[in-house]
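Student: So that we are looking at the same thing, I have put the structure below in structure tokens.
The values are calculated or read from the model by the stated rules, or taken from the named source; none is laboratory data. Everything numeric in this text was worked out from a predicted model, so none of it was measured. Quick reminder, even Gly has a Cβ in these numbers, built from the backbone with ideal geometry, and neighbours come from all protein chains shown. Side chains included, ligands, DNA and RNA excluded: accessible areas come from the protein's heavy atoms. Shrake-Rupley method; radii C 1.70, N 1.55, O 1.52, S 1.80 Å.
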Amino acid sequence: MKLFSSIKRSICRILRKPRTYGFGVQSPFAYNFVRNVADGKDAFLLDDFIAKDGLALGQYPLRMYSLLARLSAYICSERCYVDCDLLSKTIEVVLQAGYHQVKCEHELGDANRFCLVSAQFTDWDRLLNHMADDGMLVVVGLRSNRQCYEGWKALLADDRTCVSFDLYDAGVVFFDHKMFKRSYRCNYR
């Protein structure tokens, strides 16, 4: 089953390759996000952070942790809500590699700017009510099963969400209503 999943993922990467570099993206915001964050060249030395604290990269591949560090650097929020399923020392170290002042919390506050949740998260309505207008929601494990992907599609259909990026393994949603509602699919580095 794992072999089939890796073959399917490789085929999806090949099919998405023309859209990886931001070509065909008309919005300046989306183009900037695809070029500088999703396909960012910023090299966060995660191996040094992880080895220094004696942590292991067991849950996700290194490229997912690198994406999370770039997202943390992009949003520059001092507070990050992390779902209890994901909250670990490794996630906290990775997010601090991107923006060293971020503090991971497992309690929703008012006007959250940065939230990291698993696709198995169930209380979407409460989470969306606590998001700031300039906030960013990161959902990991989109395609771990059919139910998770259906939840992602329902999240995108909600009126409170605006621009979203489907990165196959993860999804990023923005809530700025000054932008047109649009969903992009692209790879990440």
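Student: Could you please let me know if A51 is over 20 Å from V172 (Cβ atoms), at pLDDT below 80 and outside any helix (DSSP H, G or I)?
Tutor: no
Student: Spot the failing condition for L142; the list is (1) over 30 Å from L15 (Cβ atoms); (2) part of a loop (DSSP other than H, G, I, E, B); (3) of a type outside the set (S, T, Y), and only one is missed.
Tutor: In the conditions (1) over 30 Å from L15 (Cβ atoms); (2) part of a loop (DSSP other than H, G, I, E, B); (3) of a type outside the set (S, T, Y), L142 misses (1) alone.
Student: Any residue at all in region 149-168 that's among the aromatic types (F, W, Y), touching an Asp or Glu at 6+ places or on another chain (Cβ under 7 Å) and under 21 Å from L67 (Cα atoms)?
Tutor: The answer is no; no qualifying residue exists.
Student: Further question on the same structure: Taking A73 as the residue in question, decide whether it is in a helix (DSSP H, G or I) and modelled with pLDDT under 70.
Tutor: No, not satisfied.
Student: For region 147-161, which positions are open to solvent by less than 10 Å² (accessible area, probe 1.4 Å) and outside any helix (DSSP H, G or I)?
Tutor: Listed by number, the list holds a single entry, T161.
Student: With respect to Y188, determine if the residue is out of contact with any Cys (no Cβ under 8 Å at 6 or more places or on another chain), among the hydroxyl-bearing types (S, T, Y) and under 17 Å from S66 (Cβ atoms).
Tutor: yes
Student: Looking at region 61-119, which of the residues that are under 15 Å from the mean Cα position of the chain (by Cα), open to solvent by 40 Å² or more (accessible area, probe 1.4 Å) and basic (K, R) is nearest to R146 (Cα to Cα)?
Tutor: The qualifying residue nearest to R146 (Cα to Cα) is R63.
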